Ligand code: SAM
């Protein structure tokens, strides 16, 4: 069975609406996927849901779509934020894609004392989120927030949101049991490759909304820890139940 290609577009989606595609999107549909006028494309965003569209133009000059009908309503994943010290290049691309696939609702880069990524490329992160959402059938596109310093983020923490601190020095216990005691909305926090400093750990430990969780006896790389904790969160309190 031929699957309908999916495309994330921020344009307003409504019945009968014509959308001219940007050059990159036109290239993807017509040259990479070899679609022609009349072919179907599923277009979605976090505001209008997913719409069945057809290509009305597909030539070297460009491509355009017409929206027909809504095929799925917006479906945000569980209210779990992924807070993370940005990693370098390929690992950051990877972890941003995986967090999207695993159903993080928001991605929040956090600058910690040992963060080593020189510059946080939000545009690149958003492109990775968008591509992952297209591939994993999400009818939603997780937000990528502006980077914030750890202390600033914690001092203005949203009341009522739990924060799960992935802490490799916490006493080892069953993380699934620990996470079942947490309620949504929630966030997970994964540190940089060098870990959090003693001062950062002391700050985290002093806050009533923070739950430290150990992910077992091995020290994982930050991208592995992110995948592990998001998996456990979905199993314990998210949409894998
Ligand atoms: N500071 C550590 C060291 O140098 O030995 C390593 C930090 S680890 C590479 C990066 C982040 O992954 C940590 O800050 C933590 O948030 C998370 N992490 C890795 N292994 C973990 C574990 N076993 N339990 C909980 N969190 C873990």
Taking just the alpha carbons, could you work out the radius of gyration and Dmax for the chain, both in angstroms? 20.1, 62
Running a GNM on the chain with Cα contacts under 10 Å, which residue among 163, 87, 29 ends up with the highest mean-square fluctuation? 29
Which of 221, 91, 17 moves most in a GNM of the chain, Cα contacts under 10 Å? 17
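Give the peptides 193-204, 139-150, 95-106 in descending order of average Cβ contacts within 10 Å, highest first. If you can, show how the numbers build up before the last one.
Working: 193-204: 15.3, 139-150: 17.8, 95-106: 23.0.
Most protected by this proxy first, the peptides run 95-106, 139-150, 193-204.
With runs of 4+ DSSP H residues as the only contributors, calculate the mean residue ellipticity of the chain at 222 nm using -39,500 (n - 2.57) per run, divided by the residue total and rounded to the nearest 500. Numbers along the way, then the final one.
Details: 7 runs with 68 residues, N = 241.
Mean residue ellipticity at 222 nm (helix-derived): -8000 deg cm²/dmol.
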Of 230, 52, 138, the most mobile residue in a GNM of the chain (C-alpha springs, cutoff 10 Å) is 52
Between segment 1-77 and segment 176-203, what is the C-alpha centre distance in whole Å? 39
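Bear in mind that the values in this text are calculations on the coordinates, not laboratory data. Fair warning: this is a prediction, and the values are worked out from it, not measured in the lab. Neighbour counts are summed over all protein chains in view; Cβ atoms, including those assigned to glycine, are modelled from backbone coordinates with ideal geometry.
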